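The values are calculated or read from the model by the stated rules, or taken from the named source; none is laboratory data. In this text the structure is predicted, and so the values were computed from the model without any measurement. So basically every Cβ, Gly included, is an ideal-geometry build from the backbone, and we count neighbours across all protein chains shown. Note: areas computed on protein heavy atoms with side chains; ligands, DNA, RNA excluded. Shrake-Rupley method; radii C 1.70, N 1.55, O 1.52, S 1.80 Å.
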Amino acid sequence: MGVLITGTNTGSCERDSPGHVRYNSVSELKWRPLLLRIRVKPDNTGVVTDGVKHSMNPFCEIAVEEAVKLKEKKLVKEVVAVSCGPQQSQETIRTALAMGADRGIHVEVSGKDYETLGPLQVSKIMAALAKKEDAQLIILGKQAIDDDCNQTGQMTAALLDWPQGTFASEVTLDGDKIKVVREIDGGLETIKINTPAVLTADLRLNTPRYATLPNIMKAKKKKIANVKAADLGVNLTSRLEVLKVEDPPQRQAGMKVETVEDLVGKLKEAGKV
Amino acid sequence: MAALGPLSRITRLGCNFCRNHRLMFNRNSQKRGIASCIDPSYGLTDEQKEFQKVAFDFAANEMAPHMAEWDQKEVFPVETMRKAAQLGFGGIYTRPEVGGSGLSRLDTSIIFEALSTGCVSTTAYISIHNMCAWMIDTFGNDEQRESFCPDLCSMEKFASYCLTEPGSGSDAASLLTSAQRKGDHYVLNGSKAFISGGGDTDVYVVMCRTGGKGAKGISCLVVEKGTPGLSFGKKERKVGWNSQPTRAVIFEDCAVPATNRLGEEGQGFNIAMKGLNGGRINIASCSLGAAHASVLLAKDHLLVRKQFGETLANNQFLQFKLAEMATKLVASRLLVREAATALQEDRADAVSLCSMAKLFVTDECFNVCNQALQMHGGYGYLKDYAVQQFVRDIRVHQILEGTNEVMRMIISRNLLTES
């Protein structure tokens, strides 16, 4: 899920609306399965998702929370929550609305198109929406917990030719720039990027709030627009074909040896040494 | 938390993970992963599913990890309950003008059922608190509502419901605590027994005798902690419900302003019973949550525990037993939800249905939890495993808010009284 943030109140970007800076923040929400025991489909084309409960990707929750926080600090005018998927992914948009997003956009993708929907298609949709909504900031979760691709944010930035602040663990809006502290392999890296920009949320960026009962009721009145990918001029055909999905090999029992010589001998036998 | 040998994977419902780790390990999936026949979200509107989700998340993150500790150390979890109140759980069916959430009885049932999976005892207290807030909101005048309800809805202050006395339980209308009118005060004398929250709560909704014998002589007064003449007995040691203190509440020439009377003199018993109708649905909902959690625990155990060369899940007796438990659970849920709807719509059968729901559901869900414990074998008897706490906590639901015997009285009276 990404949060398109529309309208940061920094005053340095003049747009068309009367007197107001319009930064739109858009969040792309991914609708994830909650998997207890993962089972591969008998025909090895994928994983069983029928009858498995789905919910918002945890990193997307963090993205929404960050967007709502920015709005509460009055640094951002409007938060738009976006999700691409079948009818049921509207639930995640509603959760985002209950957390504080202003409105939602549901890009309906179902059936075969949904099965082959990957980061490239989603990032094309996000880029198109960003232009359409005149967004200044896109916040996504760093990766989805079902496919762990970690690509959508980066691809979206590339398609829009915007700077990206990925794996963000701290975000500060500073004039028309954004200071992002990123979690990298070596530790923490702080960068300053121009707006408009794409951010991806990492685990420690914030702790998502619970939706309160009054907010859930208020969310009912918020609008969710329905859009088709074709309307945005996006071609959903995938250039990837999944050939096979299979379980990892069963763990084999190990062998115990008495001496180091035995160990070396066995390793040589197995051709490892 | 301790876990034993080969069953170390059988953990308390979600208690291992803090909120952030939840993201990585999908602990919630242990409760809601695979859609199954006992999924409590079937038949709900989208909005109700959202309420339920918040309640389940809150239960899993804020309550379940502490459920055992609260039970063992007898902690009254004020901070956690205040967090719940911030989400709107302090006055779920109290009107929004005074700080409540203004939801329906059915929404309330759904929420308590979900919260109960985290801790029955705490959820049950929250439901009693909600009942008191509703009584003041519904029967109080505007000054009383504005004076008491906002603090109750935010759980800045906590409430207790005082009806039962040492000499009058099921025969509630024979209560003896007297309230004599003296100028602009009532002077209370007497004592209440088994009061949930007693001693730790701030606002006491007290049924007392202002008039003659029987139900018509009873009025309802709101007594605040700190009023001279109000004192408390020792904290009772209970089998369950240990996260809420239970004490006697004692009145010795306790002067209460007459402006604290809810409704008219003589209306008190009626107010008490109307409060209890909803209270019965709430208690039944708490039993549902415990049964739901127990069925999931039992299911997990059956899939892991092996005897005689195969998992217990391959044993037909246990399969059938689990099926029966699931069926009773779903039947109970449907009855509670129907009763909640009837009460909301003020249907003619509402009171009987609430009694039937309380009777049936508390009995059946106790059996479900008990059988879940049995399926755990010896491990079910250990406090390291959550199922025993569910059993102990919901045992009292068959007794309070009107014993199940009194429920039968209400139902049979409805059937046998010539109209």
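Which residues belonging to region B:82-118 lose at least 40 Å² of 1.4 Å-probe accessible area when the assembly is complete, relative to their chain isolated? Residues shielded by partner chains are B:LEU87.
If you take the Cα centroid of region A:116-134 and the Cα centroid of region A:37-86, the two points sit 15 Å apart. Annotation for region A:165-273: GluC sites (Glu not before Pro) lying in DSSP loop with at most 11 further Cβ atoms inside 10 Å of their Cβ are A:GLU241, A:GLU246, A:GLU258. Couplings 3J(HN,Hα) for region A:112-127, derived from phi with the Karplus relation 6.51 cos²θ - 1.76 cosθ + 1.60 (θ = phi - 60°), are 4, 4, 5, 5, 9, 5, x, x, 5, 5, 5, 5, 5, 4, 4, 4 Hz, where x marks Gly and Pro.
Relative to one another, the C-alpha centroids of region B:125-154 and region A:250-273 are positioned 72 Å apart. In summary, the convex hull built on the alpha carbon positions of the protein assembly as shown has an orientation-averaged projected area of 39.1 nm². Under 12 Å from a label point 7 Å along Cα→Cβ of A:LYS132: give me every residue in region A:192-231 with its amide N that close. Under 12 Å, as judged by backbone N against the label point of A:LYS132, lie A:225-231 of region A:192-231. Loop-resident GluC sites (Glu not before Pro) (DSSP state other than H, G, I, E or B) in region B:231-289 with no more than 13 further Cβ atoms inside 10 Å of their Cβ: B:GLU264.
Pairwise inverse Cα distances across region B:172-302, averaged and inverted, put the Kirkwood hydrodynamic radius at 16.4 Å. Residues of region A:203-227 that bury at least 50 Å² of accessible area once all protein chains are present, compared with their chain alone (1.4 Å probe, heavy atoms only, ligands and nucleic acids left out), are A:LEU203, A:TYR210, A:LEU213, A:ILE216, A:MET217.
Over region A:111-174, Cα pairs under 8 Å with separation of 6+ residues give a relative contact order of 34 percent.
Residue by residue, region A:103-109 carries 3J(HN,Hα) couplings of 8, x, 10, 10, 8, 6, 9 Hz when phi is fed to the Karplus relation 6.51 cos²θ - 1.76 cosθ + 1.60 (θ = phi - 60°); x denotes Gly or Pro. Sites counted here are trypsin sites (Lys or Arg not before Pro) in a DSSP loop (not H, G, I, E or B) having no more than 11 other Cβ atoms within 10 Å; the longest part of chain B that contains none of them is B:10-212. Placing unit charges on each Cβ (+1 for Lys and Arg, -1 for Asp and Glu) gives the protein assembly as shown a dipole about its Cα centre, and among B:ALA84, B:SER219, B:GLN316 the Cα reaching farthest toward its positive end belongs to B:GLN316.
Shape index of region B:333-416: Rg/Rh, with Rg the Cα radius of gyration and Rh the Kirkwood radius from the inverse mean 1/r over Cα pairs, equals 1.10. Take A:70-77, B:149-156 and order them by the average number of nearby Cβ atoms within 10 Å per residue, most first; the result is B:149-156, A:70-77. The GNM of chain A, with springs linking C-alpha atoms under 10 angstrom apart, assigns the highest mean-square fluctuation among A:LEU117, A:LEU173, A:LEU213 to A:LEU213.
Counting only residues at least eight positions apart within a chain, or on another chain, the lysines with an alpha carbon under 24 Å from that of B:LYS83 are A:LYS69, A:LYS71, A:LYS73, A:LYS218, A:LYS220, B:LYS31, B:LYS49, B:LYS53, B:LYS73, B:LYS157, B:LYS225. Distant-in-sequence amide contacts of B:THR94, defined by a placed amide H-H separation under 5 Å and a gap of 5 or more residues or a different chain, comprise B:SER101, B:GLY102, B:LEU103.
Compute the Cα gyration tensor for region A:113-202, then decide on rounded, prolate or oblate, letting a ≥ b ≥ c be the square roots of its eigenvalues: rounded whenever a/c is under 1.5, prolate when a/b is larger than b/c in the other cases, and oblate in all that remain. Cα axes put region A:113-202 in the oblate bin.
Note on A:TYR114 and B:ARG237: with the Förster distance fixed at 56 Å, the Cβ-Cβ geometry gives a FRET efficiency of about 0.45.
Short version: which residues of region A:42-82 lose at least 50 Å² of accessible area, all chains versus chain alone, 1.4 Å probe? Correct list: A:LYS53. According to the square roots a ≥ b ≥ c of the eigenvalues of the Cα gyration tensor, what is the shape class of region A:133-254, taking rounded for a/c under 1.5, prolate for a/b larger than b/c otherwise, and oblate for the remainder? Taking the square roots of the gyration eigenvalues as a ≥ b ≥ c, region A:133-254 is rounded. Ignoring ligands, DNA and RNA, please state the percent of accessible area on chain A from carbon and sulfur, probe 1.4 Å. Summing carbon and sulfur atoms, their accessible area is 50 percent of the total for chain A. Heavy atoms of the protein chains alone define the surface here; on that basis chain B has 40 Å² accessible area per residue at 1.4 Å probe size. Overall form of region A:121-173: oblate. Here a/c, set by the Cα gyration tensor axes a ≥ b ≥ c, is 1.5 or more, and a/b is not larger than b/c.
The reciprocal of the average 1/r between distinct C-alpha atoms defines the Kirkwood hydrodynamic radius, which for chain A equals 19.9 Å.
For region B:316-352, backbone nitrogen atoms closer than 16 Å to the point 7 Å from B:ASN404 Cα along Cα-to-C-beta are found at B:325, B:328-333, B:335-336. The Cα atoms of region B:253-394 define a convex hull whose projected area, averaged across directions, is 12.1 nm². Between the residues B:SER170, B:HIS185, B:GLY198, the greatest Cα displacement towards the positive end of the dipole of region B:125-212, with unit charges on the Cβ of Lys, Arg, Asp and Glu, is found for B:SER170. Listed by chain and number, the aspartates and glutamates placed with their C-alpha closer than 16 angstrom to that of B:LYS192 are B:GLU165, B:ASP171, B:ASP200, B:ASP202, B:GLU224, B:GLU236, B:GLU252, B:ASP253, B:GLU401; residues fewer than eight positions away on the same chain are left out. Taking only protein heavy atoms and a 1.4 Å probe, the accessible area of chain B is 53% carbon and sulfur.
For the Cα atoms of chain A, what angle does the longest principal axis make with the long axis of helix A:58-72, in degrees from 0 to 90, nearest 10? Once rounded, the angle reads 20 degrees. Put the Cα centre of region B:354-419 next to the Cα centre of region B:36-58 and the gap is 23 Å.
With the cut-off at under 14 Å, measuring from each backbone N in region A:86-123 to a point 7 Å along the Cα-to-Cβ line of A:THR237 picks out A:113. In this structure region A:196-273 gives 78 Å² per residue of accessible area when probed at 1.4 Å with all protein chains present.
Heavy-atom accessible area buried between chains A and B is around 2900 Å² (1.4 Å probe, both sides summed).
A simple spin-label model places the labels of A:ARG204 and A:GLU261 5.1 nm from each other, with each point 7 Å out along Cα-to-Cβ. Between B:CYS37 and B:LEU303, the distance separating the two model label sites (each 7 Å from Cα on the Cα→Cβ line) works out to 1.6 nm. Modelled spin-label separation between A:ARG39 and B:GLU264, with each label point placed 7 Å from Cα along the Cα-to-Cβ direction: 6.4 nm.
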